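Asks: Dropping the structure in here first, questions after.
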Amino acid sequence: MNRVELVGRLTAKPELRYTGSNLPYARFSVAINRTFSNAQGERETDFINIIVWRKQAENVCNFLDKGSLVSIEGRLQTGSYTDKDGNKRYSMDVVADSVQFLESKAQSQSRLQSMSSDSEPSPYDYQNNDYANNVSVENDPFADFGDSVSIDDNFLD
């Protein structure tokens, strides 16, 4: 079974691109803290590359920004290529079947405003801040999200 479930924050705003056959896709990375500390007592962060396709790619690019908290379900995909120096390189990405937005638009804007008053945060800060631990399932995080987003399952096949 090849199944991946992740929760983390985007390290940059995703960009929408199109294949030669006009199929939309987006690539982005997610910063995820490890659950344990290293010898210096610090938590290390992994940066996971994500690929999302079709209507989900359009939604991700339209509604998410750097630092957005997301949940991703998908599968691992490996690949290889030859770089410009002739060296064989290997890659590993998560191909997302589902990307869920875990904070409302208002919460995201509030977080971005508070971060903009400080110096530019590192990707490590996105999960270390207090906000990441204050999302409650008891409150609807999308209550003030604005327009609804409808995703037709036919776009996922």
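Asks: For an R0 of 25 angstrom, estimate the FRET efficiency from the Cβ-Cβ distance between residue 114 and residue 44 and round to the nearest 0.05.
Replies: Once rounded, the FRET efficiency stands at 0.50.
Asks: Along the charge dipole of the range 17-84, Cβ charges K/R +1 and D/E -1, which of 45, 60, 24 sits furthest on the positive end?
Replies: Toward the positive end, the furthest listed residue is 24.
Asks: Give the residues of the range 61-100 whose amide nitrogen is closer than 15 Å to a point set 7 Å from the Cα of residue 27 in the direction of its Cβ.
Replies: Once the point is set 7 Å along Cα→Cβ of residue 27, 77-84, 89-96 turn out to lie under 15 Å by backbone N, inside the range 61-100.
Asks: Over the range 1-42, what percent of the accessible surface lies on carbon and sulfur atoms, probe 1.4 Å?
Replies: So the carbon and sulfur contribution to the accessible surface is 48 percent.
Asks: Additional query: When only the heavy atoms of the protein chains count and the probe is 1.4 Å, how do 48, 72 rank by accessible area, highest first?
Replies: Ranked list, largest accessible area first: 48, 72.
Asks: Could you sort 97, 46 by accessible area so the largest value comes first, with the probe set to 1.4 Å?
Replies: Solvent-accessible surface, decreasing: 97, 46.
Asks: Related question: If we sort 38-44, 6-12 on the protection proxy, mean other Cβ atoms within 10 Å, highest first, what's the order?
Replies: Ranking, from highest mean packing down: 6-12, 38-44.
Asks: With a ≥ b ≥ c taken as the square roots of the eigenvalues of the C-alpha gyration tensor of the range 29-92, please select rounded if a/c is under 1.5 and otherwise prolate if a/b is larger than b/c or oblate if it is not?
Replies: In terms of gyration-tensor shape, oblate.
Asks: Order of 73-86, 15-28 by packing, highest average Cβ count within 10 Å first?
Replies: Top to bottom by mean Cβ count within 10 Å: 15-28, 73-86.
Asks: Using Cα-Cα distances under 8 Å and only pairs 6 or more residues apart, what relative contact order does the range 1-100 have, in percent?
Replies: Contact order relative to length: 31 percent.
Asks: Taking the Cα centre as origin and putting +1 on Lys and Arg beta-carbons and -1 on Asp and Glu beta-carbons, what dipole magnitude results for the range 1-73, to the nearest 20 debye?
Replies: 180 debye
Asks: Let me ask something else. Ranked by accessible surface with a 1.4 Å probe, highest first, in what order do 55, 88 come?
Replies: 88, 55
The values are calculated or read from the model by the stated rules, or taken from the named source; none is laboratory data. Treat the numbers as computed from the prediction; the structure is a model and nothing was measured. We place every Cβ from the backbone using ideal geometry, glycine too, and count neighbours over all the protein chains shown. The area values use the complete protein model at the heavy-atom level, side chains included, leaving out ligands, DNA and RNA. Shrake-Rupley method; radii C 1.70, N 1.55, O 1.52, S 1.80 Å.
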